[in-house]
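Each remark here refers to the structure printed beneath this line.
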Amino acid sequence: MNRVQQNEVDAVLTGFFKSQMPSPWPKANLELAAPSTRAPRAGGSLTHARLVLAASVLFLVFGFLGMSKHFQTEPQDGVTAVEHIANKPGPNGALRAVPKVQKNKELPR
Amino acid sequence: MKSRPKDPRPAEFEELYQRHSREVWALAYARWLNADIAQDIMQEAFLRFWKQLQIKDGEAIVNARAWLLRVARNLAEDYAKSAFRRNGTQAPQTMNALEGRDSGPLETMEKDEMFGQIRAELNELSPTDREILTLRYALEYDTAKIAEILDINATAVHMRLSRARQRLADRLTENGVRETP
């Protein structure tokens, strides 16, 4: 058997690897690498958006507070809503018999 | 940390591409033995490199070559998990040992057979041995330069290279393959 010599291996390997290399060598893909051509965002637009968002949140908070005051059902001085209703006279002028409810205690199920 | 260039120019990028793209390709090729995949990985590595340069507050790249080679290696490893590979799609070049050339059909067949055997033998080698062979024969780098790129001892490169060549010579002898003149 004819032994393959080292220089032949070198030639074969050089031929193999050279055949694998792209030819011609591809150019740098600057189309992909180029910075974005999109117009830069205007400097003030982000600030403007934040101001609009802050105003919206403030509007919601004050709106909620104003509305909740308008529809308040719980009287002052620590009287619960149930007691408040119970103390109101009924259609015939008599007070209703409502059991006293203890505050902060869980009702039996 | 090294100071970042204010505005990386395409010309500088082009220069770095010309200087390092073949090395990046060689490492990617050594991993998969597929020229198309290697080219994709090379382009992706350079794209990431450019994007990294664009980041104003990002960490500066001190050694572009080391950065690119590391990214190329990582990308080549990640390629194993990609959908392209999972789906079992292979570039035509993997199926055929050699792309079409202007040689005659008989010569082409002989070369295809021989290159197919070389590919099979290269697949049996360790990734580092494949990297050494690719840098040596594709880029014609000497032992010292290969050692520098792979960050290993020059003696180790020499030994690995000799062993791989010997192994290939044995296998080619066993299979009765000789170089086509």
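The values are calculated or read from the model by the stated rules, or taken from the named source; none is laboratory data. Only a predicted model underlies this, so the values are computations on that prediction, with no experimental measurement involved. Ideal geometry is used to build each Cβ from the backbone, glycine not excepted, and the neighbour counts take in all protein chains shown.
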Name every residue in the stretch B:9-22 that is buried (at least 18 other Cβ atoms within 10 Å of the Cβ) and modelled with pLDDT under 90, in order of residue number. B:13
Within the stretch B:108-164, of all residues that are within 11 Å of chain A (Cβ to nearest Cβ) and among the polar types (S, T, N, Q), the one nearest to residue A:12 (Cα to Cα) is B:117
Candidate set: the stretch A:13-47, residues that are hydroxyl-bearing (Ser, Thr, Tyr) and at pLDDT 55 or above; chosen: the one farthest from the chain's Cα centre (by Cα): A:14
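May I ask you to verify whether residue B:35 is closer than 21 Å to residue A:20 by Cβ, touching a helix residue (DSSP H, G or I) at 6+ places or on another chain (Cβ under 6 Å) and more than 14 Å from every other protein chain (Cβ to nearest Cβ)? Spell out how you get there, then give the answer.
Details: closer than 21 Å to residue A:20 by Cβ: yes; touching a helix residue (DSSP H, G or I) at 6+ places or on another chain (Cβ under 6 Å): yes; more than 14 Å from every other protein chain (Cβ to nearest Cβ): no.
Answer is no for this residue.
Counting only residues that are modelled with pLDDT of 90 or more and either in the same structural domain as residue B:29 (by TED's automatic domain parsing) or crowded, with 19+ Cβ neighbours inside 10 Å (or both), give me the helices (runs of 4 or more DSSP H) lying completely in the stretch B:43-97 with at least 1 of them. Lay out the reasoning, then the answer.
Working: elements: B:64-79, B:83-86, B:92-95.
Passing ranges, in order: B:64-79.
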